[in-house]
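These notes concern the structure reproduced below.
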Amino acid sequence: MESYDKTSLGSKSGAVVDSRGNDGSLVSVLKTLLFFTILMITLPIGLYFASKAYLFEASLGYSSNDSYFYAAIVAVIAVHVVLALFVYVAWNEGSRQWREGKQD
């Protein structure tokens with residue numbers, strides 16, 4: 001096995017070349033992923049308990065068993081909305097990077 005020096009693999013200044021593209025775009029993608037991950041965890045759970053307690057039991061007067069069922073439906077709809085938003089944002093971000101790369 002041969003050992004390679006990092007400077008021999010990098011550019012003339014000695015920095016290692018990143019083959020994935022711009023580091024800024026990678027950070028942007030990770031921030032987007034982290035945002036939607038947190039949103040996917042907190043929004044459905046929050047909507048479940050809030051809609052169960054305040055909407056279905058307090059405002060509409062449903063029984064506890066009925067409010068569980070309807071609050072679960074609200075949480076599932078929230079999951080689908082977050083997933084659709086993530087796909088929309090990811091699609092637009094990818095097409096924007098593709099257009100910028102094509103102009104270069």
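The values are calculated or read from the model by the stated rules, or taken from the named source; none is laboratory data. A quick note: this is a predicted structure, and the numbers were derived from the prediction, not measured. Reconstructed Cβ throughout: ideal geometry from the backbone, glycine too, with neighbour counts over all protein chains shown. We work out accessible area using only protein heavy atoms, side chains counted, and drop any ligands, DNA or RNA first. Shrake-Rupley method; radii C 1.70, N 1.55, O 1.52, S 1.80 Å.
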Residues located in the range 58-104, provided they are of a type in the set (Ser, Thr, Tyr) and either assigned to a helix (DSSP H, G or I) or touching a Cys at 6+ places or on another chain (Cβ under 8 Å) (or both): SER59, SER64, SER67, TYR68, TYR70, TYR88, SER95
Tally, over the range 28-58, of residues that are of a type in the set (Gly, Ala, Ser) and either in contact with a helix residue (DSSP H, G or I) (Cβ under 6 Å, 6 or more places away or on another chain) or within 13 Å of VAL89 (Cβ to Cβ) (or both): 2
Scan of the range 46-104 for residues that are touching a residue at least 60 places away in the same chain (Cβ under 8 Å) and within 17 Å of LEU34 (Cα to Cα), ordered by number: GLU93
Residue, nearest to the chain's Cα centre (by Cα), within the range 87-98, restricted to residues that are open to solvent by 70 Å² or more (accessible area, probe 1.4 Å) and more than 13 Å from SER25 (Cα to Cα): VAL87
LEU26 under 29 Å from TRP98 (Cα atoms) and either at pLDDT below 95 or open to solvent by 60 Å² or more (accessible area, probe 1.4 Å) (or both): yes
Output for the range 59-86, where each listed residue is open to solvent by less than 60 Å² (accessible area, probe 1.4 Å) and touching a helix residue (DSSP H, G or I) at 6+ places or on another chain (Cβ under 6 Å): SER67, ALA71, VAL74, ALA75, ALA78, VAL79, VAL82
